[in-house]
Amino acid sequence: MNRPQNAASAEIEQPAGSAGVSSQPRSCLACGGTYGPSPISGLLRCRTCGFTSADVRLGDEQLAALYGRDYFHGQEYHDYRAEEASLRANFARRIFALRQHVPNLEEASVFEIGCAYGFFLDEMKDVARQAAGIDISRDAVRHAVEQLGVDATCGDYLLTEIDRCPDLIVMWDTIEHLARPDLFLAAAARDLRPGGHIAITTGDIGSPVARFRGRRWRMIHPPTHLHYFSADTLRLMLDRAGFEVVHLSHPGVTRNLQSALYIILALKVGAPVLFDVVRRLRVFDFSVTVNLFDIMFVIARRGG
Ligand SMILES: [Zn+2]
């Protein structure tokens, strides 16, 4: 995952008596229908299109607080920077796919929403004409700028005027974290040049693994993951924002095995001491690529 963004609170519907507190909107962000209960506890499901959202009510400040330094060190990630090699391997594969589906990538101006520590922007240095990004994590952006020398800004994309008209916007493992993904897609459509592209990765709740695992699917963890897309609902939301999907696949994902074990032993099993033993042995300190076919890679073209 890269980076989360908050939504602009002004556009979020407020239920009576909760002034100043963001909540899930009462109508579906993908189709405008109404939410009902989901078979998975803690989630809501649109009665019309099936779009699934977390049933949480957090203020913007509470959402932002989820993504302090601890987020990248010890919460969802054992150590995000320690995963640099595997993250770069994933980005290299995505760049390979972008070259196939985005015309003239080498001439493109690229903008990344949720650039985190800047590894993707660094990989893009010799690929595209120009690459820049934004992230709300101050710690991550400082690393991106000072250590990698990439063009990264700390801030909320919805509240930021970007001073160029990108040919490509990317959001890697970010859209599921956003309170209002619909507003981000609308803003991306506005910022992109006509005919420009957006590339997104996120979990696929319609995949066989997600359906089989239910509440235990590894991508289900509100409140950091606020929305759960299927191929159909992502296509629907993109369509409403003026995009046409030109590519959708389920590629494999590379992860450092030690970090994957951290999630299992320290977070799921609740045995951090056992993880510490494993970590010191260093026998699992290498990357593996697995494909459970439950992560979507989508490229869509802005009309106009
Ligand atoms: Zn819906």
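Counting just the residues of region 86-118 that are over 13 Å from residue 172 (Cα atoms) and among the charged types (D, E, K, R), which one comes out surrounded by the most Cβ atoms within 10 Å (Cβ to Cβ)?
99
Which fully enclosed helices (runs of 4 or more DSSP H) of region 212-304 have 1 or more residues being in contact (Cβ under 8 Å) with a residue 12 or more places away in the chain, within 16 Å of the ligand (Cβ to nearest atom) and surrounded by fewer than 19 Cβ atoms within 10 Å (Cβ to Cβ)?
Values: elements: 231-240, 257-262, 272-281.
Once the helices (runs of 4 or more DSSP H) in region 212-304 are filtered for at least 1 residues that are in contact (Cβ under 8 Å) with a residue 12 or more places away in the chain, within 16 Å of the ligand (Cβ to nearest atom) and surrounded by fewer than 19 Cβ atoms within 10 Å (Cβ to Cβ), what remains is 231-240.
For region 183-192, check the following and say yes or no: at least one residue is among the small types (Gly, Ala, Ser) and touching an Asp or Glu at 6+ places or on another chain (Cβ under 9 Å). Talk me through it step by step, then tell me what you get.
Within region 183-192, the subset among the small types (Gly, Ala, Ser) is 186-189.
Adding the requirement that they be touching an Asp or Glu at 6+ places or on another chain (Cβ under 9 Å) leaves none.
Within region 183-192, none of the residues are among the small types (Gly, Ala, Ser) and touching an Asp or Glu at 6+ places or on another chain (Cβ under 9 Å).
State whether one or more residues within region 169-186 are in a helix (DSSP H, G or I), modelled with pLDDT of 95 or more, of a type in the set (Gly, Ala, Ser) and surrounded by 20 or more Cβ atoms within 10 Å (Cβ to Cβ).
Taking every residue of region 169-186 in turn, none turns out to be in a helix (DSSP H, G or I), modelled with pLDDT of 95 or more, of a type in the set (Gly, Ala, Ser) and surrounded by 20 or more Cβ atoms within 10 Å (Cβ to Cβ).
Looking at region 119-138, is at least one residue more than 30 Å from residue 275 (Cβ to Cβ), surrounded by fewer than 19 Cβ atoms within 10 Å (Cβ to Cβ) and modelled with pLDDT under 90?
Residues of region 119-138 more than 30 Å from residue 275 (Cβ to Cβ): 121, 124-134.
Right, trim to surrounded by fewer than 19 Cβ atoms within 10 Å (Cβ to Cβ) and you get 125-127, 129-130.
With the extra rule that they be modelled with pLDDT under 90, the set shrinks to none.
No, region 119-138 contains no residue that is more than 30 Å from residue 275 (Cβ to Cβ), surrounded by fewer than 19 Cβ atoms within 10 Å (Cβ to Cβ) and modelled with pLDDT under 90.
Take the conditions surrounded by fewer than 19 Cβ atoms within 10 Å (Cβ to Cβ), free of Cβ contacts under 8 Å to residues at least 24 places away in the same chain, touching a strand residue (DSSP E or B) at 6+ places or on another chain (Cβ under 9 Å) and more than 24 Å from residue 177 (Cα to Cα) and apply them to residue 142. Does it pass? Reasoning before the result, please.
Numbers: surrounded by fewer than 19 Cβ atoms within 10 Å (Cβ to Cβ): yes; free of Cβ contacts under 8 Å to residues at least 24 places away in the same chain: yes; touching a strand residue (DSSP E or B) at 6+ places or on another chain (Cβ under 9 Å): yes; more than 24 Å from residue 177 (Cα to Cα): no.
So residue 142 does not fit the description; no.
Between a first residue in region 35-48 that is under 17 Å from residue 210 (Cα atoms) and without any contact (Cβ under 8 Å) to a residue 24 or more places away in the chain and a second residue that is more than 12 Å from the ligand (Cβ to nearest atom) and of a type in the set (D, E, K, R), which pairs have beta carbons less than 9 Å apart while being 6 or more apart in sequence or on different chains?
Listed by first residue and then by second, the contacts come to 38/55; 44/55.
Considering only region 36-69, state which residues are modelled with pLDDT of 90 or more, more than 8 Å from the ligand (Cβ to nearest atom) and of a type outside the set (D, E, K, R). Spell out the reasoning first.
We begin by selecting, within region 36-69, every residue modelled with pLDDT of 90 or more; these are 36-40, 43-54.
Filter once more, keeping what is more than 8 Å from the ligand (Cβ to nearest atom): 36-40, 43-45, 52-54.
Hits for region 36-69 are 36, 37, 38, 39, 40, 43, 44, 52, 53, 54.
Among 267, 261, 281, which is more than 22 Å from the chain's Cα centre (by Cα) and at pLDDT below 75? So that I can check it myself, show each step before the final result.
Values: 267 fails: more than 22 Å from the chain's Cα centre (by Cα); 261 fails: more than 22 Å from the chain's Cα centre (by Cα).
Of the residues listed, the single one that is more than 22 Å from the chain's Cα centre (by Cα) and at pLDDT below 75 is 281.
The values are calculated or read from the model by the stated rules, or taken from the named source; none is laboratory data. All figures in this text were calculated on a predicted structure; none of them were measured in a lab. Note: ideal-geometry Cβ built from the backbone for every residue, glycine included; neighbour counts use all protein chains shown.
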